[in-house]
Amino acid sequence: MHDKYYAVIDTNVLVSALLGASYMSNPTKVLQAVTDNRLIPLFNDEIIEEYKEVLSRKKFPFSEELIDTVIQTILTDGLYVDRTTAIDELFPDSKDMVFYEVSLSKDGSFLVTGNLRHFPQKSFVITPAEMVELLEKI
């Protein structure tokens, strides 16, 4: 039984959580678990830069203050880890590789994504709904 989990949170999960019309959506629950200290986000500089770049896109209605709050929460409550090179894995988009490789750097961690098809099929690559199921057990 875990009292908290470690996970890399894919950018699409953050976007979905922040766009969410419902506080009951699974991406929102994942983000809430970070603020509740039940989910420790794993990150490195590349992931933080990706978060900033995507969340700042003009197509999203996120204020600079909201983006700063989310990034600061991840930096404060999360764990910085280096990448572990993934060998013999294929990625449709090479920019996704950093998320996978950071998740490899901490034993027992997860990669939470809304786009499973962008990553190798591994038991630690899970959807927000699957992460919420795990969180509800603690």
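The values are calculated or read from the model by the stated rules, or taken from the named source; none is laboratory data. Since the model is a prediction, treat every value here as computed from it, not as a measurement. Here the Cβ positions follow ideal geometry from the backbone for every residue, glycine too, while neighbour counts run over all protein chains shown. When the accessible area is computed, the model is the full protein with side chains, heavy atoms only, and any ligands, DNA or RNA have been set aside. Shrake-Rupley method; radii C 1.70, N 1.55, O 1.52, S 1.80 Å.
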task = Kindly check whether there is at least one residue in the stretch 58-67 that is of a type outside the set (Asp, Glu), on the phi > 0 side of the Ramachandran plot and either open to solvent by 40 Å² or more (accessible area, probe 1.4 Å) or under 12 Å from the mean Cα position of the chain (by Cα) (or both).
result = no
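Is it the case that Phe99 is within 20 Å of Tyr51 (Cα to Cα), at pLDDT 95 or above and of a type in the set (Phe, Trp, Tyr)? Spell out the reasoning first.
Numbers: within 20 Å of Tyr51 (Cα to Cα): yes; at pLDDT 95 or above: yes; of a type in the set (Phe, Trp, Tyr): yes.
Yes, satisfied.
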task = Identify, by number, the condition in (1) surrounded by fewer than 20 Cβ atoms within 10 Å (Cβ to Cβ); (2) free of Cβ contacts under 8 Å to residues at least 24 places away in the same chain; (3) within 18 Å of Leu135 (Cα to Cα) that Gly20 doesn't meet.
result = (3)
ask   = From the set of residues in the stretch 53-107 that are in contact (Cβ under 8 Å) with a residue 12 or more places away in the chain and of a type in the set (Ser, Thr, Tyr), which is nearest to Thr11 (Cα to Cα)?
value = Tyr100
